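Report on the following structure.
The values are calculated or read from the model by the stated rules, or taken from the named source; none is laboratory data. No experiment lies behind these values; they were computed from the predicted model shown. Virtual Cβ from ideal backbone geometry, glycine too; neighbours counted across all protein chains shown.
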Amino acid sequence: MTHQIPYGGTEKVAILAQYEAAEHTQDPGADVSLTAPDGKETVSADAGEMGSGEAEAAQPEVDAASPQEEVNQTESDENEEGEAVQEQPSVAPQKPAETVIPSPQVGEHQKDGESLPGEEPLPEKGGFSEEETAAGQEGRILFSQTQMAMPPAASSGADTLLPFALGVLVTLGITALLLWMRHRCPGGLPRRRPGGRRLRTASVHELGARNEQQDAFCITGLETPGRGVLAAVADGMGGLVDSGQVSRSLIDALGGSFAPSDETPPARQLQLLFRQALEQVENLRKGQTAQSGSTLVMGLIEGDGLSWLSVGDSRIYLWRSGGLIQLNRDHDFSHDLTLLALQGDMSLQETDQDPRRENLTSFIGRGFPRKVEWNPEPVSLCSGDKVVLMSDGVYRALSQEEMAGCLQGDVSRAACALRAMVTKKALPQQDNFTAVILEII
């Protein structure tokens, strides 16, 4: 009958250490002796031939004993095992080891989870489990990545305001440029100096049913059209003394003093011409007591622009694509009567029937005129446009639709059509009628 030698927990650890030391130091085939700590029993095994399974079989044998001895021996074994169980908790607890990832060399002589002969499974090593260690390592890596991922730098106020400020400056610059171009080039088109456009002109100058011609007109600057062309119509007031002389004096002054200037704006040129013509009329009328007077309308074409100035009821029209537009306003009493009707002093029907409605409220010949009208900026002209200056003998004989129809075609044909249509009307009180037509080509 064989028995295994019982060992306490401490004895097993010592035997395991001897076994491992012998295994590393002995040659293959050498005997390995395991000695108990008290030196009572020795177990021998062939280290080269002993496997994990053979180590369990290679336990030391003892002689048979009497039943009483067996009982005593059993009680002794139980006592020793109880002492071993009681001694185990008294071992000082070991400090949990730090979690370290094992190197590849660990476990070369012993596989994971493999027990030595007579060995009970040792308690697990203090510290973290493999899953916890892996989770901890993963957490540390993630924490490191979080530290390295820096948040995007917040844009400073200067970086935000700089594009806005540049946009505002660009917008202001463009606005200033457009305003400057509008001032220099009205209508959005560059005001070209004369020379790029040519003009064709025609005129109508008829006596009508009157005995004296009191209308006068001029077209000057045709010899140098590149610098500007001036046209003017003056209508002497019927029923006054020497009104024809006043109208002719105005036209002579304008035609003789017209000198185009590249430095002077067109509106200012017309104003200067008007003052010179007015001075000449005043010199003519010195010492005369009889009342006389005349209207005046002037038009100056420079390049693609038209400037005008008017006193009285002579008109200037722009014909474009079949439509006729009056540019100036009549200075007669009909305007004042209309204001009275709007104030409630009279009806609109009464203003249309009032005989005073054609009386002039401004004219040249008795001091400075009460009203003088001009356009500050030139009117833009296009190819095919016609500028028409006329006395009241034309537009009082013809409607606006009739005049627009007559102005179809070239200027010579238009002038002939106007003359023929006014003559055809054969009005008994037909006034002198004059028209000057300038066509842009």
Query raised in the report: Any idea which residue in the range 158-185 is farthest from the chain's Cα centre (by Cα), counting only those that are modelled with pLDDT of 75 or more and hydroxyl-bearing (Ser, Thr, Tyr)?
Result: 175
Query - Failed criterion for residue 397 (all others in (1) closer than 14 Å to residue 315 by Cβ; (2) small (Gly, Ala, Ser); (3) part of a helix (DSSP H, G or I) hold) - result: (3)
**Report entry** residue 218 out of contact with any Ser or Thr (no Cβ under 7 Å at 6 or more places or on another chain) and modelled with pLDDT of 90 or more
**Finding:** yes
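Can you go through 362, 383 and tell me which one is exposed (fewer than 14 other Cβ atoms within 10 Å of the Cβ) and either touching a Gly at 6+ places or on another chain (Cβ under 7 Å) or of a type in the set (Ser, Thr, Tyr) (or both)?
Values: 362 fails: exposed (fewer than 14 other Cβ atoms within 10 Å of the Cβ).
None of the other options fit; the residue is 383.
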Query raised in the report: Does residue 249 qualify as being among the small types (Gly, Ala, Ser), surrounded by fewer than 17 Cβ atoms within 10 Å (Cβ to Cβ) and under 24 Å from residue 438 (Cβ atoms)?
Result: no
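Restricting to the range 200-217, and then to whatever is of a type in the set (A, V, I, L, M) and surrounded by 17 or more Cβ atoms within 10 Å (Cβ to Cβ), can you tell me which residue is farthest from residue 410 (Cα to Cα)?
We begin by selecting, within the range 200-217, every residue of a type in the set (A, V, I, L, M); these are 202, 204, 207, 209, 216.
Filter once more, so that each one left must be surrounded by 17 or more Cβ atoms within 10 Å (Cβ to Cβ): 202, 204, 216.
Values: 202: 9, 204: 14, 216: 23 Å.
The selected residue is 216.
Would you check if there is a residue in the range 286-305 being farther than 17 Å from residue 372 by Cα, small (Gly, Ala, Ser), touching a residue at least 40 places away in the same chain (Cβ under 8 Å) and surrounded by fewer than 21 Cβ atoms within 10 Å (Cβ to Cβ)?
Initially, the range 286-305 is screened for residues farther than 17 Å from residue 372 by Cα, giving 286-292, 301-305.
Adding the requirement that they be small (Gly, Ala, Ser) leaves 287, 290, 292, 303, 305.
From what's left, touching a residue at least 40 places away in the same chain (Cβ under 8 Å): 290, 292, 303, 305.
Checking the rest, the ones that are also surrounded by fewer than 21 Cβ atoms within 10 Å (Cβ to Cβ) come to 290.
Yes; the residues of the range 286-305 include at least one that is farther than 17 Å from residue 372 by Cα, small (Gly, Ala, Ser), touching a residue at least 40 places away in the same chain (Cβ under 8 Å) and surrounded by fewer than 21 Cβ atoms within 10 Å (Cβ to Cβ).
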Requested in this report: Taking residue 431 as the residue in question, decide whether it is in contact with a strand residue (DSSP E or B) (Cβ under 9 Å, 6 or more places away or on another chain), more than 19 Å from residue 274 (Cβ to Cβ) and buried (at least 18 other Cβ atoms within 10 Å of the Cβ).
Outcome: yes
Report summary line: Selection from the range 238-269 of residues more than 45 Å from the chain's Cα centre (by Cα) and of a type in the set (Ser, Thr, Tyr) yields 243, 247, 249, 257
Query raised in the report: What single numbered condition from (1) in contact with a strand residue (DSSP E or B) (Cβ under 7 Å, 6 or more places away or on another chain); (2) outside any strand (DSSP E or B) fails to hold for residue 232?
Result: (2)
